[in-house]
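The values are calculated or read from the model by the stated rules, or taken from the named source; none is laboratory data. All of these numbers come straight from a predicted model, not from anything done at the bench. As a convention, Cβ positions derive from the backbone with ideal geometry for all residues, glycine included, and neighbour counts pool all protein chains shown.
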Amino acid sequence: MFNYLGRYIHISLDENTSVCMSIIYFLLEIDREDLIVDLMNNKIHFTMIFNAETINVNEIKTIKEYFKQDNAVITVTRIG
């Protein structure tokens, strides 16, 4: 689940989904698919926080490896 601008966005993902791919699904869910290419090319800033730690948006680890718990809430603090 993503927390973005006080709104909770629920996205069901397989535990083997990469963190990077989960961000793409998030952008699709909030109708910001226009940002995907710029994000992957590091042309925009996208900041995520989980357990008070900033997450690398290009992380290739799976969400299972990175979050290690069910029903994680990821806070998105900045896009653009």
Check your understanding: Which residues, counting only those in segment 24-50, are of a type in the set (A, V, I, L, M), at pLDDT 85 or above and under 10 Å from the mean Cα position of the chain (by Cα)?
Key -> ILE24, LEU27
Practice item. Assess whether LEU28 counts as being free of Cβ contacts under 8 Å to residues at least 24 places away in the same chain, of a type outside the set (Asp, Glu), surrounded by 11 or more Cβ atoms within 10 Å (Cβ to Cβ) and out of contact with any Phe, Trp or Tyr (no Cβ under 9 Å at 6 or more places or on another chain). Key: yes
Check your understanding: TYR8 is checked against (1) surrounded by 11 or more Cβ atoms within 10 Å (Cβ to Cβ); (2) in contact (Cβ under 8 Å) with a residue 12 or more places away in the chain; (3) outside any loop (DSSP other than H, G, I, E, B) and fails just one. What number does that condition carry?
Key -> (1)
**Study point:** Which numbered condition GLN69 fails, given (1) at pLDDT below 75; (2) surrounded by 10 or more Cβ atoms within 10 Å (Cβ to Cβ)
**Key:** (2)
Check your understanding: Any idea how many residues of segment 31-59 are surrounded by 11 or more Cβ atoms within 10 Å (Cβ to Cβ) and either of a type outside the set (Asp, Glu) or farther than 20 Å from ASN16 by Cα (or both)?
Key -> 19
Review point. When the residues of segment 51-66 are filtered to those that are under 13 Å from the mean Cα position of the chain (by Cα) and in a helix (DSSP H, G or I), which remaining residue is modelled with the highest pLDDT?
Key: ILE63
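Would you check which residues across segment 45-68 are charged (D, E, K, R) and within 23 Å of SER12 (Cβ to Cβ) and list them?
GLU59, LYS61, LYS64, GLU65, LYS68
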